[in-house]
1. Can you confirm whether the range 182-198 contains a residue that is surrounded by fewer than 18 Cβ atoms within 10 Å (Cβ to Cβ), under 24 Å from the mean Cα position of the chain (by Cα) and of a type in the set (Lys, Arg)?
2. If the Cβ limit is 7 Å and pairs must be 6+ apart or interchain, which residue in the range 347-369 that is assigned by TED's automatic domain parsing to the domain that holds residue 294 and part of a helix (DSSP H, G or I) pairs with which residue that is of a type in the set (S, T, N, Q) and at pLDDT 95 or above?
3. Can you confirm whether residue 153 is within 24 Å of residue 26 (Cβ to Cβ) and not charged (D, E, K, R)?
4. Out of the residues in the range 302-346 meeting the condition of being without any contact (Cβ under 8 Å) to a residue 12 or more places away in the chain and assigned to a helix (DSSP H, G or I), tell me which one is surrounded by the most Cβ atoms within 10 Å (Cβ to Cβ).
5. How many residues, within the range 189-223, are in contact with a Phe, Trp or Tyr (Cβ under 7 Å, 6 or more places away or on another chain) and at pLDDT below 95?
6. Give the range 280-297 a look and list any residue that's at pLDDT 95 or above and farther than 18 Å from residue 202 by Cβ, or say none.
7. Which one is surrounded by the fewest Cβ atoms within 10 Å (Cβ to Cβ) among residues in the range 241-265 that are free of Cβ contacts under 8 Å to residues at least 60 places away in the same chain and closer than 20 Å to residue 343 by Cβ?
8. If you go through the range 203-217 one residue at a time, do you hit one that is of a type outside the set (A, V, I, L, M) and within 21 Å of the chain's Cα centre (by Cα)?
Amino acid sequence: MSEKKGFPEKPRILIICNYYLPGYKSGGGLRTLVHMVERFHDRYDFRVITLDHDGDKIPFTTVEINDWNEIEKAQVFYLSKDKANISKLRELIIEIKPDSIYLNSVFSKLTVFYLTLRKLKLIPAIKTILAPEGELSGGALKLKSYKKKPFVTLAKSAGLYRNLFWKTTADPEKQETERFKGRGGVIFVAPNLPSRELLENYRQDLKPKKNVGEVKMIFLSRFMRKKNFKWLVDNLSGFEGNLTIDIYGPIEDESYWEATATAIAKLPPNVKIKYGGVLEYDKVPGKLFEYHFFVLPTVGENFGHVFIEALAAGCPLLISDRTPWRDLEAKNVGWEVPLENPAKWLEVLNYCVNLDQLSYTKISENSHRFARRWLLNPEVEEDTLKVLEYSLTNS
């Protein structure tokens, strides 16, 4: 390793991703990267190559495009549309000379560019971590399968995904990756990294009052088919309790939103669902705190940063059973309910509506305590460190 002024330089890890700060619309994948840099910048020299927008094609105005920027302990290069190509990526990798590369998407074009350069040996051999971030779940692979299936067939035959270090977040994703990855490589399990602290000044007495017969829930996520909200709406047509659900997050699938809005308009007046817009990340904890419960009938999540954020805000979860978060009812922090059992979803919703203040306070307090313990668990960091260190010390 090279040295500077008599001291060894920190190992250099290059993150290649579609989106990074100051973006906030792309969800948990971005936050995982930000928190990794936040927690480990004293150990590693992080460089980031990313696109110049937040998924909306509108270039950032607060950073230098096609140049390096220091962004919260990392050096970040933002590629303009005309520079987001394989030749520019090759040029930057050769310039950076990373000790390890971290990818957080299987299918993004920057990932495919990098893996192609690697396969054709147009860049030096670099140890590479790939975090699928939920893209290999059955539900995710079915979305736009007409594009993914032929690409996967071609990519596998070319050996693009061979001999990588895979970072999965839980056993279900590990199994999905095992089926996908092809020959060679090593699979690790390491939960995604949240912020070290959420709602430091949490006060249970400031949570909204819980009246019997009514409940306020929040759906906070990117609005897309994978999140499956229309399925929930379609099952609420005969619901009798006073239920309010507010939706927050970027609408990524306009046709799906329009179909959902049409279904919402047909609901009875006791079920009120409205869209509240997009929240910047620093406003998320406070907004979650304003609700009784968090709801997300997703068809698949590899981790779900928003789950631990909701629990930290005293919002027990009502989610599908297609996430790593299990045994919620036994832990008294919510419910994971199969999508194949809509009657059980309605039963839990009715229970939430009819919960009194004392019972709600108990489950809300317990949810916050659970999140605090989880965030302070040293294994959360250690598992990710094992992946990073392994990629730096093994070929």
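The values are calculated or read from the model by the stated rules, or taken from the named source; none is laboratory data. Because the structure is predicted, anything quoted here is derived from the model rather than measured. As a convention, Cβ positions derive from the backbone with ideal geometry for all residues, glycine included, and neighbour counts pool all protein chains shown.
1. Checked against the condition, which is being surrounded by fewer than 18 Cβ atoms within 10 Å (Cβ to Cβ), under 24 Å from the mean Cα position of the chain (by Cα) and of a type in the set (Lys, Arg), the range 182-198 yields at least one hit.
2. Once the first residue is assigned by TED's automatic domain parsing to the domain that holds residue 294 and part of a helix (DSSP H, G or I) and sits in the range 347-369, its partners that are of a type in the set (S, T, N, Q) and at pLDDT 95 or above give 353/242; 361/204; 363/332; 364/204; 365/204; 366/332.
3. Considered against the rule, which asks whether it is within 24 Å of residue 26 (Cβ to Cβ) and not charged (D, E, K, R), residue 153 comes out as no.
4. Checked the range 302-346; the qualifying residue surrounded by the most Cβ atoms within 10 Å (Cβ to Cβ) is 344.
5. Total meeting the criteria: 3.
6. 295, 296, 297
7. Restricting to residues being free of Cβ contacts under 8 Å to residues at least 60 places away in the same chain and closer than 20 Å to residue 343 by Cβ, the top hit is 263.
8. For the range 203-217, residues of a type outside the set (A, V, I, L, M) and within 21 Å of the chain's Cα centre (by Cα): absent.
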